[in-house]
Every structure is written in C-alpha cells, then in structure tokens.
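Just below is one structure, and these are the notes that go with it.
The values are calculated or read from the model by the stated rules, or taken from the named source; none is laboratory data. As the structure is a prediction and not an experimental result, all values here were calculated from the model. Every residue, glycine as well, gets a Cβ built from its backbone with ideal geometry; the counts of neighbours run over all protein chains shown. Accessible surface areas use protein heavy atoms only, side chains included; no ligands, DNA or RNA. Shrake-Rupley method; radii C 1.70, N 1.55, O 1.52, S 1.80 Å.
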Amino acid sequence: MTGEASVAEPRAAAAGAGAARPTRARHVVLWLTVLAYLITYMDRVVIATAAPVIEKEYGFSPVTMGWIFASFSIAYALFQIPGGWLGDRFGPRRALTGVVLWWSTFTAATALTWSAGSMMVCRFLFGMGEAGAFPIATRSLSRWMLPSERGWAQGVTHAGARLGGAVTPVFVALLIVQFGWRMPFMAFALIGIGWAALWFWYYRDTPREHPAVNGAELAMIEGALGAGRARVSVPWRHLLANSQLWVLSAMYFCYAYCINIFLTWFPKYLHDARGFDIALMGLFASLPLMAGVVGDLMGGWASDLLVKRGAGLKMARRSVAVVGFLTAAAMIPLAAAMDGHVASILCFCIALFGLELTVGVSWAVTLDIGGEYAGSVSAVMNTLGNSGAAVAAAVTGYIVSMSGWFAAFAVLSVLCLIAAALFLRIDASRRLEDGQGARAPEEI
C-alpha cells in the first residue's frame, strides 16, 4: 500500500462516519488564485497608465504605442494553448509557478527598455508568460471547486483581475509622479515573485495530495468531481472538432476586444479627449474597472444561484451573459457621446458592470464543458479571445487617428451585440469530452 493511499483511507472513513466538519482548503486555493489574477492585471495595466509619459519621453505616436500594446496581446494570444497544455501536462503547481516567475522578470525588464523596438520585444516576452496564467489557473480550480461553486469562483477570480486593473492606475500615477515611470514596473515584479513562492508552498494538484484537506472535504469534492488526475493527455482532435468550443471562443473574441480597450486605451482617451491630467486620469480610469469588479462578483453569484434553484446550467449561464452584453452594448456609445465628464464616466461604469457580468460565466462554462481538459478548453477560448484583444490594441490607434474616439467605442457596441447572439448558442450542460449529446453529470 502506498503512503498516499494510507492517508486517503482514514480520511474517507472519517467522512463516512460524519466525524469531522469539512475543511476549507479549496477556499484557500481559490483566494490564492484570486490573488494571482489580481497580479496579472496589475502587471498588465502599468504600461497603460505610464503611456502618456513614455510617449512624451520617446516621442512615440499613437500608432507606435498601439503596436507596443499589441506586442503583448499577440504573444498572449499565441501562447494560450501552450500555456494550457503546460497546466494539463505538468500540473498547475509547477506550471503556474513557472509562468509567474517568467512574466515577473519581463515586467521588471520593461523598465530597462530604450526604444520602441526593445519595448515591443519585452512586452512580447511578458505576454508569453501571462498567456499561461488563466488557462493554468482554470485547470488548478477544476479539481477543487464544486459544480455549484464554479460561477462564483470564476466571478471572484476575475473580480480580482479587474480589481488589479482598477487600483493599479492610482498607485502607478503616484509612483510616476514621485519616482518616474520605471519604478512601478520594478515594484510590481517583486509582488509576482513573492506570490510564486507562496503558491508553490501551499498548492497541490489534487485535493487528495493536500495535507490540509480532511476526509469530509475530500469526500465532498471527490463525490462531486471524482478522484481526478493531476496530469492528463489532451484529446485535441476531439476537442477541436466540437462546434460549441468555437462558438464559445468567437464570443470571447468579442468580449476581449472590448475589455482590452479599457485596459490599454482608456487612460489615454481620458487624457487626450477629456483633458484629464495624470492624477485625475488614474482616478477616473479606475472607476469603470471598479464597477467591473462588482459585475464579476454579481455575474458568477447570480449564475450559481440559478443553478441551485434548478434553472440548469444552460439557462443559468446563458441568461446572465446575454443581459450583460446587451447592457454594455447600450451604454458604451451613450457614454462616449456625452459631453459631461461625470455623466460619461457613470455610463462607462454601467457599461463595464454589464460587460463583466459575462466573464465569470464564460470561464465557468469552460469548467462545465471541459471537465478534465478545462485548462486546454479555456486556452482555446482565450487564444481566440485575445486575438480580439491584439486586434483592439493595434487597430484602435488607426481608428482614432482617422475617425475619432466615438468610432472606436461604437465598434465595442457592435461586438457586444454579436457576443450576446453567440451566447444564445452555448449550452453549458453539454460536456465536450462526452460528445454533443451527453449532458454533464450535474444536469442528469
């Protein structure tokens, strides 16, 4: 008998006898993942806040700055599937530690760049590392979170991401005023390195391996999800032949294009079109993303509540996402057209709230339909999604130069309408690994 089996047997016995209350190690794993998502966006949006200062120092045009933004997004899209494969093949514990250390290194290295070319290369390498974050983190949760907790889990993790994007402009603006634009990149890199050490120390690839999981929690998780495997061989041909995966990915293309405007171009819009100085720009760039944090939490919570009340995964995921996309489609052009600064920011806040209602639901669907292959499924979705982000980063400079800011925001409204239509074709109750006709166990 192996040591692992000898530990598992008394756990199961304790659970069967009702001798212990379930531990909550899965919630610690969730909050560590939330912190990782927060750090990804902290590191990602530093350059957006610093962009006006960088442009002034180097004499970059909006088009040049757009390609610097796009360098990250291109790498981020290209390396989603390799990143997801790393998590599925080697386990989230090692894979996520590695990619966080990689991107933290190139976060710091951004401060050492000396030209547009060197900055593009550095941001590309940074994007390679961050590409693995969400697919591997999704895989890390797939063996820990119960089906009725998935919407909330994905909502709160993405709320962490948006919180990182929301608070970062304020701190970066203060650091730039005091120390110059290079200091924030160095400071935020150290935070990532500290998290990587904490993750490797605490996390385990399956609950059965974790010393803090008692028999009751193990029985609860494995009763809902099965024993699971730390590492799997991904049936790519089967997954890629499934039409639902491509509908999900096309929907996420639309979403990622839209959110990337607020993560990259929105501070510059506030500076150029609204006339805000660097301090006010940091504050007002944060407000819509804070509204997005609330949307992330509400979307995942509402979807899980519908599941618990018997609506089924199909309607629980679909209804929340469609409402969110339609809200964003209505509010974005209204916000861009308003002359009053306060009214415009308020409408942008409502728009981001609606847009972010959809994101926890979208990532919950990758868990619902992906099962053991959630890392790879989410990687495919995020690959096509972040192709949209790359397009947004590159073409927005051209759109603004030729047609102005309202045209750039009108594109987002159209894409939200398309995303709502696509989500009407997504059925979260149908597992990809089981074929089109097989429903997920929790739906039977």
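A few remarks follow.
- Accessible surface, the stretch 22-215, averaged per residue in Å² (probe 1.4 Å): 33 Å²
- Options LEU352, SER362, TYR76, ranked by Cα towards positive dipole end of the chain, top entry (Cβ charges): SER362
- Rounded to whole Hz, the Karplus (6.51, -1.76, 1.60) HN-Hα couplings of the stretch 192-200, x for glycine and proline: x, 5, x, 5, 4, 5, 5, 4, 5
- Figure note: MET290, MET120 ranked by solvent-accessible area, largest first, 1.4 Å probe, ligands and nucleic acids not counted: MET290, MET120.
- The stretch 292-444, relative contact order [Cα under 8 Å, separation at least 6], %: 33 percent
- Difference of contour (0.36 nm per residue) and Cα-Cα distance, LEU198 to TYR58: 46.6 nm
- Order of exposure, largest accessible area first, which applies to THR113, THR383 with probe 1.4 Å: THR383, THR113
- Only protein heavy atoms count here; on that basis, with a 1.4 Å probe, SER319 has an accessible area of about 40 Å².
- Pairs of Cα atoms nearer than 8 Å and 6+ residues apart set the relative contact order; for the chain it is 26 percent.
- Over the chain: helical MRE at 222 nm, DSSP H runs n ≥ 4 each giving -39500 (n - 2.57), nearest 500: -27000 deg cm²/dmol
- Net dipole in debye of the stretch 22-215 [+1 Lys, Arg Cβ; -1 Asp, Glu Cβ; about Cα centre; nearest 20]: 480 debye
- Based on Cα contacts under 8 Å between residues 6+ apart, the stretch 125-255 shows a relative contact order of 28 percent.
- ARG150, ARG182, reordered so the largest accessible area comes first (probe 1.4 Å): ARG182, ARG150
- Theoretical gain in end-to-end length, LEU283 to ALA311 [0.36 nm per residue, Cα-Cα removed]: 6.1 nm
- Candidate values (i) 68, 42, 39; (ii) 106, 44, 40; (iii) 112, 52, 38, label of the one derived for Cα extents along the principal axes in Å: (i)
- Shown in residue order for the stretch 392-403 are the 3J(HN,Hα) couplings computed by the Karplus curve 6.51 cos²θ - 1.76 cosθ + 1.60 at θ = phi - 60°: 4, 4, 7, 7, 4, x, 5, 4, 5, 5, 8, 10 Hz (x for Gly and Pro).
- Heavy atoms of SER148: accessible area, 1.4 Å probe, square angstrom to 10: 40 Å²
- Solvent-accessible area assigned to carbon and sulfur over the chain amounts to 69 percent, based on a 1.4 Å probe.
- Solvent-accessible surface (1.4 angstrom probe) belonging to ILE418, in square angstrom, nearest 10: 80 Å²
- Extension gain, TRP114 to MET186: 0.36 nm times the residue separation minus the Cα-Cα distance gives 24.4 nm.
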